[in-house]
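Peer 1: Structure below; questions to follow.
The values are calculated or read from the model by the stated rules, or taken from the named source; none is laboratory data. Note that this is a predicted model, so its numbers are computed, not measured. No Cβ is skipped: glycine too gets one built from the backbone with ideal geometry, and neighbour counts run over all protein chains shown. Quick note on the areas: whole protein, heavy atoms, side chains included, nothing else; ligands and nucleic acids left out. Shrake-Rupley method; radii C 1.70, N 1.55, O 1.52, S 1.80 Å.
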Amino acid sequence: VKEKPFMPVAKAEVSFGYNKPICWFRFDLENQYGFPVQLVLSNNYNTFDKIDLFFRLGDTFQQKTIGDTVNYTTRELALRTLAMPIDLPARSQVQFYIKAQTTGNFYLPLQISTYHYFLTAGKQYENVLGIGYGVVVGLFFYHLFLLFLTREKVQFFYVLYVGCTLLFFASQQGSLFQFWPNSPQWNHLSFYSFILLALSSGLFFSRLFLNTKNSINLHKWMKYCAIFLAFFSVFHIFVPTALISITCSIFGIFLIISLFIISLKRYREGFSDAKLFIIAWGLLLIVVAAMIIMMNLGMGNIALAMLLAQ
């Protein structure tokens, strides 16, 4: 096999889209101090399948592995973030190799930091994340209470939508893996199940909120599309993950644009409540589009912050 030369990475974050299932990286670390330094290699894109780190310390060859397809119980740092500690001996220079492989979007925002800085910065992010979870959970229980009072279908599907979106977001952030630490296959596949269920319940909610019954064909299309997505959320396990990842992205963008257009149509037909939907969905459309552009430009940390703000 002919070995290809390593090329310098021009951006702070690596993003290849769906074009590279496997890629190798190489970097050197030098400790000029007279004492050991404890570092952390981390990747905050927590749905990345597998990252293998190879290096040699003295006569010992070492390998560390992290990823959402690797048992949570094997992590040296029991955190939601994909992270591994590296002990760099005093006055040493070590060469590292990384084999990164994934079936989804190849987005790899790797960072190397001191252990202290990693914990400090991580605590700040966790506080913001906790606030985000608190808002969404509060919204979920508020509308669950309204559901018990009103017994309306639209409230039921909104509660379902908020719940599925919360699970999707928590999965994307790596917060759920600790609840099934020895089931990496389920952890890997459930992420796509939650996406599809969120799209399905969101579509059911939208057809009721926008009251599309007057457009029979549109009303039926939204219903059957939602049913298909709910069905697919279970049976996608029989389809290659790479195909599911691309399909979810395409479906998500297509539905967001479609629902925005449908809400505009309903507003022009005189349905005044569609105005709220247009504002909310239009903002979501802008955020999703910006996230996709930023992740492809290597600005994923900003993109993740925008997702958290939603």
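Peer 1: Would you be so kind as to identify which of 95, 274, 246 lies farthest towards the positive end of the dipole of the chain, taking Lys and Arg as +1 and Asp and Glu as -1 on Cβ and the Cα centre as origin?
Peer 2: Farthest towards the positive end: 274.
Peer 1: Might you tell me the accessible area per residue for segment 104-218, computed with a 1.4 Å probe and given in Å²?
Peer 2: Numbers: 5970 Å² over 115 residues.
It amounts to 52 Å² per residue over segment 104-218.
Peer 1: So, one more: Based on Cα coordinates alone, diagonalise the gyration tensor for segment 1-141, multiply each eigenvalue by 5, take square roots, and list the semi-axes in whole Å, largest first.
Peer 2: Working through the eigenvalues yields semi-axes of 28, 21, 14 Å.
Peer 1: Let me ask something else. For 227, 216, give me the order by solvent-accessible area with a 1.4 Å probe, most accessible first, ignoring ligands, DNA and RNA. The partial results should precede the final answer.
Peer 2: Values: 227 75, 216 105 Å².
Descending order: 216, 227.
Peer 1: Let me ask something else. Picking from 111, 261, 24, whose Cα lies most toward the positive end of the charge dipole for the chain (charges on Cβ: Lys, Arg +1; Asp, Glu -1)?
Peer 2: 261
Peer 1: Just the number, please: carbon plus sulfur as a percent of the accessible area of the chain, 1.4 Å probe, no ligands or DNA/RNA counted. If you can, show how the numbers build up before the last one.
Peer 2: Numbers: 11150 of 17120 Å².
Using a 1.4 Å probe with all protein chains present, the chain comes out at 65 percent carbon and sulfur.
Peer 1: Right, next: Need the C-alpha centroid separation for segment 20-78 versus segment 154-193, integer Å.
Peer 2: 26 Å
Peer 1: Can I ask one more? What is the diffusion coefficient of segment 1-48 in µm²/s, taking the Kirkwood radius over Cα pairs and the Stokes-Einstein relation at 4 °C with a viscosity of 1.567 mPa s? Present the calculation step by step, with values, prior to reporting the outcome.
Peer 2: Details: Rh = 14.5 Å.
My calculation gives 89 µm²/s for D.
Peer 1: Could you tell me which residue out of 181, 143, 221 lies farthest along the dipole of the chain toward its positive end? Charges go on the beta carbon: Lys and Arg +1, Asp and Glu -1, centred on the Cα centre.
Peer 2: Ranked along the dipole, the leading option is 221.
Peer 1: Helices from the chain with mean Kyte-Doolittle at least 1.0 and a Cα length along the axis of 27 Å or more, per DSSP H: which? If you can, show how the numbers build up before the last one.
Peer 2: Details: long enough: 115-150 (51 Å, 0.92); 153-172 (28 Å, 1.20); 184-209 (37 Å, 0.78); 216-235 (28 Å, 1.12); 241-268 (40 Å, 1.60); 274-296 (33 Å, 2.31).
Passing helices, by number: 153-172, 216-235, 241-268, 274-296.
Peer 1: Then there's this: Which residues' amide hydrogens lie under 5 Å from the amide hydrogen of residue 86, considering only partners 5 or more residues apart or on another chain, with H built in the peptide plane?
Peer 2: So residue 86 has HN proximity to 39, 40, 41.
Peer 1: Give the accessible surface of segment 1-54 per residue, rounded to a whole number of Å², with probe radius 1.4 Å and ligands, DNA and RNA excluded.
Peer 2: On the way: 3600 Å² over 54 residues.
For segment 1-54, the solvent-accessible area averages 67 Å² per residue.
Peer 1: Placing +1 at every Lys and Arg Cβ and -1 at every Asp and Glu Cβ, with all other atoms neutral, what dipole size does the chain have around its Cα centre, in debye to the nearest 20?
Peer 2: On the way: 23 positive and 14 negative charges, 191 e Å.
Here the size comes out at about 920 debye.
Peer 1: Further question: Ranked from highest to lowest mean number of other Cβ atoms within 10 Å per residue, what is the order of the peptides 207-214, 195-202, 129-136, 72-79? Display every interim value, and only then the final one.
Peer 2: Numbers: 207-214: 18.0, 195-202: 24.4, 129-136: 13.4, 72-79: 15.0.
Going from most to least packed, we get 195-202, 207-214, 72-79, 129-136.
Peer 1: In debye to the nearest 20, how big a dipole does segment 81-222 give about its Cα centre with +1 on each Lys and Arg Cβ and -1 on each Asp and Glu Cβ?
Peer 2: Working: 8 positive and 3 negative charges, 81 e Å.
Magnitude of the dipole: close to 380 debye.
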